[in-house]
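Enquirer: Below you'll find the structure I mean.
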Amino acid sequence: MARVLRCVVFGLMTVALAGLWTAPAHANSKYAAYVIHADSGDVLLDKYSNQYRYPASLTKMMTLYMLFEELEAGRLTLESKLKVSARAAGQPPSKLRVKSGSTIEVETAIKALVVKSANDVAVVIAENISGSEWKFAQAMTKKARQLGMRRTTFRNASGLPNRKQRTTARDLARLSQRVVQDFPQYYHFFSDKSFTWNGRTYRTHNALVKTFDGADGLKTGYTRMSGFNLATTATRDGHRLIGIVLGGRSGRTRDAHMRKILEQGFAQIRRKPSLVAALHREKPAPRLKPTLVAQLDPVAAAPTVASNEALRSEIAIAAASLTAGAQAREPLTQDAISALIASTAAVSDDFNEFERFRLASAFDAEPVAQGDIDTSSPLNWSVQIGAYSDKSLAQTELEVAAIAAGLTDRLRLVSPLTMKDGTTLFRARFAAIDEAEAVSMCAKIKAAKLKCFSLEERARAAH
């Protein structure tokens, strides 16, 4: 009896432990998985495919889709040079570390997105096609609707965190399918395992391209908000499958899950060939090629690179007036103000969250230097709206805050702050005010639905 009891207890413990190791996927709110036949669209696996998720760097598949359209329309070639802005160069990793003012060839840019998942290059592509990243994101969302991606909204070109940039596994499978079908001449880039640029070789993050039989693309992605994401296509015995896994807890478990669901999909087809016997019974609607659009509409054939020079000129004039000194008091023209507002779409949320408000957290590390304000003066308070990795973005955000809160007559400063880890942030502040004014001004800024905090500049002991 004792022996039987021990067996029962051992069995129950085994079941309990197994439950710990094989917790159901729905316990992970980031998880979703979807497998379809690339040609017929038949669904072979569906787990939470229509639930909202964050795309992370799978966003770059749409960025590349938009770039491929430019290539096909003849507005760009693989040898075209894309200009690098300061804002693009200032993106957080993963990045290629392109330099502001330099150029990068389109073909290299494609490889940088596929292999390196370079955020800086994604912004370079966006700005060269649409003039600004937020305009490009609007075009991405419009394109998503045209492709049938009804639950996808883009806010940036890279996939860096933004809570309003959402998609679904079903939509990402649709995008993967259209990339394969619409651009077979460029699809081979998604199978690249490495590329070399400026004397350095970069290797792909996509392990399945190297290890899974028949796999030939597409893209990996990760942010803390999204978990580990993966889109994969693989072909066996004439059947191409597309798999999407979102919200993996690690790259290893994500890859293992993708292998499992694709193997299951191929096994279903082998067991029951009639499952997809009626291939192409729902043929994809013919896509109106950009080259045809260009023939029908001469205006559409005009180059789109740097198409908003007038807007850029106004922004440059406005930014030049925002020097770190008394000249910042000079009023801006109405055209310059309109340009600044247009350049941010009136809301900072069009930028990724790394570029947005780095408020008190920016000062967790001890700064190497303080400055710009006389700490012996009673007017030694300031109101800071953020600290940014890019100076031009800090200038623009500060001017928008001044307009929104009715503070265009106040002194505005953008000044660098070098942290001990070597990084530089650009502080955007209203300066030379007393404590009461700081409290009042911050209240006005918050009433305009923007963020801020007030601080007193303190003298620092000399070392």
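Enquirer: I'm checking my understanding of the structure. Among residues of region 217-229 that are farther than 16 Å from Asn28 by Cα and modelled with pLDDT of 90 or more, which one is nearest to the chain's Cα centre (by Cα)? Let's see the steps before the verdict.
Expert: As a first pass, look at region 217-229 and keep what is farther than 16 Å from Asn28 by Cα: 217-221.
Among the residues that remain, those that are also modelled with pLDDT of 90 or more are: 218-221.
Numbers: Leu218: 17, Lys219: 14, Thr220: 13, Gly221: 10 Å.
It comes out as Gly221.
Enquirer: So, Lys83, is that one in contact with a helix residue (DSSP H, G or I) (Cβ under 9 Å, 6 or more places away or on another chain), among the charged types (D, E, K, R) and open to solvent by 20 Å² or more (accessible area, probe 1.4 Å) or not?
Expert: yes
Enquirer: On the given criteria, is Thr153 among the polar types (S, T, N, Q), open to solvent by 10 Å² or more (accessible area, probe 1.4 Å) and either within 13 Å of the chain's Cα centre (by Cα) or within 14 Å of Ala56 (Cβ to Cβ) (or both)? Steps first, please.
Expert: On the way: among the polar types (S, T, N, Q): yes; open to solvent by 10 Å² or more (accessible area, probe 1.4 Å): yes; either within 13 Å of the chain's Cα centre (by Cα) or within 14 Å of Ala56 (Cβ to Cβ) (or both): yes.
Yes.
Enquirer: Can you name every residue in region 127-150 that is within 25 Å of Tyr48 (Cβ to Cβ), open to solvent by 20 Å² or more (accessible area, probe 1.4 Å) and under 16 Å from the mean Cα position of the chain (by Cα)?
Expert: Across region 127-150, the qualifying residue is only Thr141.
For (1) among the aliphatic types (A, V, I, L, M); (2) not in a loop (DSSP other than H, G, I, E, B), each residue gets a yes or a no:
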site: Glu72; (1), (2): no, yes
site: Glu79; (1), (2): no, no
site: Gln91; (1), (2): no, no
site: Lys95; (1), (2): no, no
site: Val98; (1), (2): yes, no
site: Gly101; (1), (2): no, no
site: Val115; (1), (2): yes, yes
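Enquirer: Can Asp237 be described as out of contact with any Lys or Arg (no Cβ under 6 Å at 6 or more places or on another chain), surrounded by 20 or more Cβ atoms within 10 Å (Cβ to Cβ) and among the charged types (D, E, K, R)? Break it down stepwise before answering.
Expert: Values: out of contact with any Lys or Arg (no Cβ under 6 Å at 6 or more places or on another chain): yes; surrounded by 20 or more Cβ atoms within 10 Å (Cβ to Cβ): no; among the charged types (D, E, K, R): yes.
Here the answer is no, as Asp237 does not meet what is asked.
Enquirer: Checking Leu160 against (1) of a type outside the set (Gly, Ala, Ser); (2) closer than 28 Å to Ile261 by Cβ; (3) in a strand (DSSP E or B), which single condition isn't satisfied?
Expert: (3)
Enquirer: Before we move on, is Ala122 touching a residue at least 60 places away in the same chain (Cβ under 8 Å), assigned to a helix (DSSP H, G or I) and among the small types (Gly, Ala, Ser)?
Expert: Yes, satisfied.
Enquirer: Please verify whether Ser176 is in a helix (DSSP H, G or I) and either buried (at least 18 other Cβ atoms within 10 Å of the Cβ) or on the phi > 0 side of the Ramachandran plot (or both), treating the condition exactly as stated.
Expert: Yes: the conditions hold for Ser176.
Enquirer: Follow-up. Which one of Thr59, Thr63 is at pLDDT 95 or above, out of contact with any Leu (no Cβ under 8 Å at 6 or more places or on another chain) and hydroxyl-bearing (Ser, Thr, Tyr)? If you could, list the steps in order and put the result at the bottom.
Expert: Details: Thr63 fails: out of contact with any Leu (no Cβ under 8 Å at 6 or more places or on another chain).
Going through Thr59, Thr63 in turn, just one is at pLDDT 95 or above, out of contact with any Leu (no Cβ under 8 Å at 6 or more places or on another chain) and hydroxyl-bearing (Ser, Thr, Tyr): Thr59.
Enquirer: Right, here's the next one. Suppose the filter is under 14 Å from Val114 (Cβ atoms), out of contact with any Phe, Trp or Tyr (no Cβ under 9 Å at 6 or more places or on another chain) and open to solvent by less than 20 Å² (accessible area, probe 1.4 Å); does Ser191 pass it? Spell out the reasoning first.
Expert: Values: under 14 Å from Val114 (Cβ atoms): yes; out of contact with any Phe, Trp or Tyr (no Cβ under 9 Å at 6 or more places or on another chain): yes; open to solvent by less than 20 Å² (accessible area, probe 1.4 Å): no.
It is false that Ser191 is under 14 Å from Val114 (Cβ atoms), out of contact with any Phe, Trp or Tyr (no Cβ under 9 Å at 6 or more places or on another chain) and open to solvent by less than 20 Å² (accessible area, probe 1.4 Å).
Enquirer: Pick from region 108-126 the residues that are farther than 12 Å from Leu67 by Cβ and buried (at least 24 other Cβ atoms within 10 Å of the Cβ): which of them is nearest to the chain's Cα centre (by Cα)?
Expert: Top of the filtered list is Asn119.
Enquirer: Here is a follow-up. Here is a list: Ser40, Ser49, Ser57. Which entry is of a type in the set (S, T, N, Q), open to solvent by less than 50 Å² (accessible area, probe 1.4 Å) and not in a loop (DSSP other than H, G, I, E, B)? Before the answer, list the steps.
Expert: Numbers: Ser40 fails: not in a loop (DSSP other than H, G, I, E, B); Ser49 fails: not in a loop (DSSP other than H, G, I, E, B).
After ruling out the rest, the residue left standing is Ser57.
Enquirer: While we're on this one: Given the criteria open to solvent by 60 Å² or more (accessible area, probe 1.4 Å) and at pLDDT 85 or above, does Ala462 qualify?
Expert: Working: open to solvent by 60 Å² or more (accessible area, probe 1.4 Å): yes; at pLDDT 85 or above: no.
So Ala462 fails the test.
The values are calculated or read from the model by the stated rules, or taken from the named source; none is laboratory data. Note that the structure is a prediction, hence the values are computed from the model and not measured. Here Cβ is always computed from backbone atoms with ideal geometry, including for glycine, and neighbour counts include all displayed protein chains. Ligands, DNA and RNA are stripped out before the accessible areas are found, and what is left, the full protein with its side chains, is counted by its heavy atoms. Shrake-Rupley method; radii C 1.70, N 1.55, O 1.52, S 1.80 Å.
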